[in-house]
Amino acid sequence: VLTVVVAIAAFVHIELLARDRRTRSLALARPLAIGGIVLCLLTLVDLSYASWWLGGLDLGVVASCCSTGADAAAAGVGERGAAAGPRVFVTVLSLVVALAAIVLAVVGTRRPRRGLAVAVGALAAVLLPSGALAIVLEVAPHVYEVPHHRCPYCLLRGDAWYLGYPLFGALIVGVTSAVGAAIGAVLARRAEGEPDPFPAFAAPALSRTAVALALALALAAFPVIRYAWVSDGAALFR
């Protein structure tokens, strides 16, 4: 979790640096300095945890899939059980939020507005956790064609078409671009007598958001559509 947080914070910091390059004033100097210090400290803590974890691994042990325990527990829960509600809820929520963010990002690409960028950033912040859960609970089982196999790491394997790399990558790029544009809209104000640099910064950031989230949505939908095709419309979850 800490590694993911550090990675996302670093991508957002890069977006703010891109915003600062288009700003003649020093409005972002203080936030970038504070963000750089916090990011450095988080990176050091993450490196310490990762080194401690890697140093404790016994490479002679052949381990099973990380979701074995979760799979065994979920196997006894039917579609009417507790697992059905969160799966359906986060999937529908992620779909609605992603579509709304894409539409607003497309509008913002043509007519960049600060309020619009903040709205897209807020939607993206909601989409990150809900989208990750939807991938684990809905997309992954359709990839494996097993209703109770929900391992996100197995999506990085060849027998899962290496789907996890472009899927999670597109989600992270879309979210960080949107959040970076939103923070830039809030922190950096137009200097008196200077043209507003926000449209020149927001348009490519929101365009990148729209493309990345649309790609993530298409990649997430592919296994579900494929399973419906090969199974002649049979439902995976019963």
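The values are calculated or read from the model by the stated rules, or taken from the named source; none is laboratory data. Being a predicted model, the structure only gives us computed values, none of them experimental. With ideal geometry, Cβ positions are generated from the backbone for all residues, glycine too; neighbour counts draw on all protein chains shown. Side chains included, ligands, DNA and RNA excluded: accessible areas come from the protein's heavy atoms. Shrake-Rupley method; radii C 1.70, N 1.55, O 1.52, S 1.80 Å.
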Handout entry: segment 149-238: C-alpha pair distances exceeding 18 Å, %
Key = 60
Handout entry: Value of Rg to Rh for the chain (Rh from inverse mean 1/r over Cα pairs, i.e. Kirkwood)
Key = 1.04
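What accessible area per residue, rounded to a whole number of Å², is obtained for the chain using a probe radius of 1.4 Å? Numbers along the way, then the final one.
On the way: 13270 Å² over 238 residues.
Per residue, the chain has 56 Å² of solvent-accessible surface.
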Practice task
Mind giving me the nanometre distance, one decimal, between the label points for V45 and A18, set 7 Å out from Cα along Cα→Cβ?
Solution key: 2.8
Completion exercise
Measuring from its Cα centre, the chain shows a charge dipole (+1 at each Lys and Arg Cβ, -1 at each Asp and Glu Cβ) which, in debye to the nearest 20, is 880
Handout entry: Dipole axis of segment 100-159 (+1 Lys, Arg; -1 Asp, Glu on Cβ), positive-most option in V107, A140, L127
Key = V107
Handout entry: Net length gained if the chain between V96 and I8 were fully extended (0.36 nm per residue, minus Cα distance)
Key = 29.4 nm
Completion exercise
In whole percent, the fraction of accessible protein surface over segment 83-238 that belongs to carbon or sulfur atoms, probe radius 1.4 Å, stands at 70
